[in-house]
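Scroll down for the structure; my scribbles are underneath it.
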Amino acid sequence: MLIRIVRMTFYEDKVDDFLKIFEESKHKIRAFPGCNHLELHRDYNANHIFSTYSYWDSEEAINNYRNSDLFKSVWSRTKVLFAEKTMAFSHKLVDGPIGLE
């Protein structure tokens with residue numbers, strides 16, 4: 001399993017635009033082959049900073065998503081809202097809730 005965390009900082013006046021895009025896209029992303037889980041987190045102290053947290057079957061699965069028309073559509077509308085460069089991290093689960101190892 002691959003866990004992907006993407007931290008995004010938006011212009012403060014573009015947060016609602018991002019939330020609309022996420023709301024329109026989240027079900028499609030969650031249904032994409034190889035995606036097992038998708039969450040959206042908001043920074044506790046900075047309302048314009050968000051992170052997505054997703055579980056993928058494999059690196060191949062997330063790469064298939066990143067090369068898909070769905071990703072290209074979502075990303076092209078989202079990236080213009082960024083106030084800073086995104087940070088993305090890929091992880092392997094070492095220890096966690098039962099059923100996720």
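The values are calculated or read from the model by the stated rules, or taken from the named source; none is laboratory data. Being a predicted model, the structure only gives us computed values, none of them experimental. When we count neighbours, we look across all protein chains shown, and the Cβ atoms used for this are built from the backbone with ideal geometry, even at glycine.
Under 7 Å between Cβ atoms, at least 6 apart or on separate chains: pull out the pairs that start in the stretch 60-78 with a residue that is free of Cβ contacts under 8 Å to residues at least 60 places away in the same chain and end on any residue that is polar (S, T, N, Q). Hits for this filter: VAL74/SER25. Just for the stretch 1-18: of the residues that are over 12 Å from the mean Cα position of the chain (by Cα) and of a type in the set (A, V, I, L, M), which one is surrounded by the most Cβ atoms within 10 Å (Cβ to Cβ)? The selected residue is LEU2.
Could you go through the stretch 27-36 and let me know if any residue there is under 21 Å from VAL80 (Cα atoms), touching a Cys at 6+ places or on another chain (Cβ under 8 Å) and in a helix (DSSP H, G or I). Checked the stretch 27-36: at least one residue is under 21 Å from VAL80 (Cα atoms), touching a Cys at 6+ places or on another chain (Cβ under 8 Å) and in a helix (DSSP H, G or I). Return yes or no: is LEU40 at pLDDT 95 or above and either closer than 14 Å to ILE5 by Cα or out of contact with any Asp or Glu (no Cβ under 6 Å at 6 or more places or on another chain) (or both)? Criteria met by LEU40. Of all residues in the stretch 1-26, those being in contact with a helix residue (DSSP H, G or I) (Cβ under 8 Å, 6 or more places away or on another chain), over 13 Å from THR52 (Cα atoms) and not in a helix (DSSP H, G or I) number 3. Do we have ILE62 as over 20 Å from LEU81 (Cβ atoms), part of a helix (DSSP H, G or I), modelled with pLDDT of 95 or more and touching a Phe, Trp or Tyr at 6+ places or on another chain (Cβ under 8 Å) here? In short, yes.
Kindly indicate the residue of the stretch 43-59 that is surrounded by fewer than 17 Cβ atoms within 10 Å (Cβ to Cβ) and among the polar types (S, T, N, Q) and also nearest to LEU81 (Cα to Cα) among those meeting that condition. By that ranking, first place goes to ASN47. LEU40 passes all but one of (1) free of Cβ contacts under 8 Å to residues at least 24 places away in the same chain; (2) in a strand (DSSP E or B); (3) loosely packed, with under 14 Cβ neighbours inside 10 Å; (4) not small (Gly, Ala, Ser); which number fails? For LEU40, the failing item is (3).
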